[in-house]
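The next block holds one structure in the form of structure tokens; read it before the comments.
The values are calculated or read from the model by the stated rules, or taken from the named source; none is laboratory data. Keep in mind it's a predicted model, so treat the numbers as computed, not measured. Every residue, glycine among them, receives a Cβ derived from its backbone with ideal geometry; neighbour counts consider all protein chains shown. Ligands, DNA and RNA are excluded from the accessible area calculation, which covers all protein heavy atoms including side chains. Shrake-Rupley method; radii C 1.70, N 1.55, O 1.52, S 1.80 Å.
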Amino acid sequence: MSKSWITPRWPLVPAILLATWAPVCHALTYQEALDIAESRASELKARQNTVSAAQAARISAGELPDPKLVMGVDNLPVQGSEAWSTTRDFMTMQRVGVMQEVTNGDKREAVRQLADTKVARADAELEIERLSVKRQTRLAWLKVYFLQQQQALLDQIEAENHMLSTAVTARLAAGQGKGAIVCSLVRNPSLWRTGATIWSGT
């Protein structure tokens, strides 16, 4: 008597969990799956970098420009006996100083407000991306969980079918297989079908 078991093809589980579920020896909890997904999501990392850049830009927003060092020579003669001398002509002056550009206060306040707006927008986009990662992870985790439960149920049904097959075979061998039910089980393998698992014997 030969036996064959036919099991259904499982749908593809999202890669985000297959990459993390297979290597571990225990089933991932939802929080573990979420932590792994957040640490590996490239889009989430990109949003976090955008927030950091916006916060860094806000620090200097609205500040006065850096002071400038000014150096020069005025009325430098280029002809005659005093050419290129900075000391012979009393009109020649040397300039060394610091210049500070002062921009309008309202303009600087507008720059600060714009920087605050960019930070708020970056924070909002980061939160939206984080919620998206949570949603995708939750769906993937639930799919894996229910597939595991379904597989466990099919394994149990398979074991019960095997036990029933063994019992029927033993009763027939002992000459105790009486009645139409036993004959039907032997002659009609399709009656062993339970769910997606099929037992057949000849």
Worksheet item: For Arg138, which of the numbered conditions (1) open to solvent by 50 Å² or more (accessible area, probe 1.4 Å); (2) more than 30 Å from Ala54 (Cβ to Cβ); (3) at pLDDT 55 or above fails to hold?
Response: (2)
Worksheet, complete the sentence: The number of residues in the stretch 54-76 that are on the phi < 0 side of the Ramachandran plot and polar (S, T, N, Q) is 2
Worksheet item: In this structure, does Thr103 turn out to be more than 30 Å from Ala37 (Cα to Cα), modelled with pLDDT under 85 and open to solvent by 70 Å² or more (accessible area, probe 1.4 Å)?
Response: no
Worksheet item: So, in the stretch 20-75, of the ones that are of a type in the set (A, V, I, L, M) and at pLDDT below 85, which residue ends up least open to solvent (accessible area, probe 1.4 Å)?
Response: Leu28
